[in-house]
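Enquirer: First, the structure itself, so that you have it in front of you.
The values are calculated or read from the model by the stated rules, or taken from the named source; none is laboratory data. Note that the structure is a prediction, hence the values are computed from the model and not measured. Neighbour counts run over all protein chains shown; Cβ positions are idealised from the backbone, glycine included. Note: accessible area is taken over every heavy atom of the protein model, side chains too, but ligands, DNA and RNA are not part of it. Shrake-Rupley method; radii C 1.70, N 1.55, O 1.52, S 1.80 Å.
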Amino acid sequence: MRVTINEDKLHSLICSAGNIVIFGHENPDGDSIGSAVGMYHYLTGIGKKSHIVIASRLPDNLDFLIPEGSTSYYSEDASACEQAIAAADLLIFLDMNGVDRSGALSKVVSSSAAGVCKVLIDHHLNPKVEDFDVVISDTEVSSACELLYEVLLRQSGVDGDIQKLSLECVTAIMAGILTDTNNFSNSVYPSTYLAVSALQARGVDRDSLYDSVFRSYSKSRMRLMGYMLKDNMRFLSPCVAYFTLSLAEKEAYGFVRGDSEGFVNLPLSIKDIQMSALFTEDVGYIKVSLRSKGNIDVNDFAHRYCNGGGHKNASGGKLYIPLAQVPGFFESKVKEFFAQ
Ligand SMILES: [Mn+2]
């Protein structure tokens, strides 16, 4: 599904803007960071001032992508985010389908930048088009980064020539494609390989990027993964598996941000498992991650039962119940979901 509104206005909006703010989504992942940083480098390259704001910090293994001084986190420095947004004359939202997906920042937007021009570049279902002045939304791409790559190539001044994009810009874009496809195991389209081929030919060091993204975890993360697989993986019906991860377990394994990244995909490598869930306890809520194979629509599941959404085969949400109630809750919702 493709929705394009006013894309022809994007270039002149960027050209006439003095201060641009780029938004990453809540609980940022590689695609969120890659697309935000890719946009930042593009804007810097054409002499535009921009700043990235994100509700909270990203997994440590992605820190290397963030240029010094480019980014503020609302959870750590709310006033820097508020000042940037208050001074902005253009807001760009990437890898999210509505302003509300920027988490705590969405309140800042509605209080101090409600009338400011807003641009959406995204690949999630159901874009909230009413939030934005320019919408470039396409669900038939691997990632927001792949879509951003196509959008940047169409910009006047780039005109289809990837050499006009800096190495930093294309490296950030490749990082988002690598992570959102889980190293080309899901959401890969013919266009994805074409993009990746061009990015690599442009000079992206794929091997070192792979090492930074997928081979930089800690020993404690590997121990936690072993524990989760051995003691915490549970099966419902023949095709559903799930894990829970409590605050106490996080503490016992010296959990740091990003340590459970990718865990939710692990049960899908079991032959008959078609749907997988990870419920991670946080302060005040349970973070839900869902993955599926084939026609099982976990976007629908997240939307119906978990206050969230995303894509057909990868989605997430939040629950506001104690972790102890999650197994019973999930079992009953899985029954209801598969009975329809
Ligand atoms: Mn994405």
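Enquirer: Would you pick out the residues in segment 145-154 that are within 12 Å of the ligand (Cβ to nearest atom) and either under 16 Å from H11 (Cβ atoms) or not in a helix (DSSP H, G or I) (or both)?
Expert: Keep residues of segment 145-154 that are within 12 Å of the ligand (Cβ to nearest atom), which gives 145-148.
Answer for segment 145-154, where residues must be within 12 Å of the ligand (Cβ to nearest atom) and either under 16 Å from H11 (Cβ atoms) or not in a helix (DSSP H, G or I) (or both): just L148.
Let's see how each residue does on (1) in a loop (DSSP other than H, G, I, E, B); (2) in the same structural domain as N183 (by TED's automatic domain parsing); (3) touching a Cys at 6+ places or on another chain (Cβ under 9 Å); (4) within 19 Å of L125 (Cβ to Cβ):
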site	(1), (2), (3), (4)
G254	yes, no, no, no
K271	yes, no, no, no
S289	no, no, no, yes
I296	yes, no, yes, yes
K318	no, no, yes, yes
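Enquirer: Let me ask something additional. Buried (at least 23 other Cβ atoms within 10 Å of the Cβ) and within 14 Å of the ligand (Cβ to nearest atom): is that true of I173 in this structure?
Expert: Details: buried (at least 23 other Cβ atoms within 10 Å of the Cβ): yes; within 14 Å of the ligand (Cβ to nearest atom): yes.
Considered against the rule, which asks whether it is buried (at least 23 other Cβ atoms within 10 Å of the Cβ) and within 14 Å of the ligand (Cβ to nearest atom), I173 comes out as yes.
Enquirer: Considering only segment 104-144, state which residues are open to solvent by 10 Å² or more (accessible area, probe 1.4 Å), touching a residue at least 12 places away in the same chain (Cβ under 8 Å) and part of a loop (DSSP other than H, G, I, E, B).
Expert: Hits for segment 104-144 are A104, V116, C117, H124, L125, N126, P127, K128, F132, D133, T139, E140.
Enquirer: I'm trying to understand the selection: among the residues of segment 186-213, which are touching a residue at least 60 places away in the same chain (Cβ under 8 Å) and open to solvent by 50 Å² or more (accessible area, probe 1.4 Å)? Full working, then the answer.
Expert: The first filter runs over segment 186-213 and keeps only residues touching a residue at least 60 places away in the same chain (Cβ under 8 Å), leaving 186-187, 212-213.
Passing the criteria: N186, S187.
Enquirer: Quick one: how many residues across segment 163-188 are among the small types (G, A, S) and not in a loop (DSSP other than H, G, I, E, B)? Break it down stepwise before answering.
Expert: As a first pass, look at segment 163-188 and keep what is among the small types (G, A, S): 166, 172, 175-176, 185, 187.
Checking the rest, the ones that are also not in a loop (DSSP other than H, G, I, E, B) come to 172, 175-176.
Final tally of qualifying residues: 3.
Enquirer: Another question, if that's okay. Return only the number of the condition from (1) farther than 17 Å from V134 by Cα; (2) away from the ligand (no atom under 16 Å from the Cβ); (3) of a type in the set (D, E) that E7 does not satisfy.
Expert: So the condition that E7 fails would be (1).
Enquirer: Let me ask something else about it. In segment 293-340, what count of residues is obtained for those that are within 17 Å of L236 (Cα to Cα) and within 16 Å of the ligand (Cβ to nearest atom)?
Expert: The total comes to 1.
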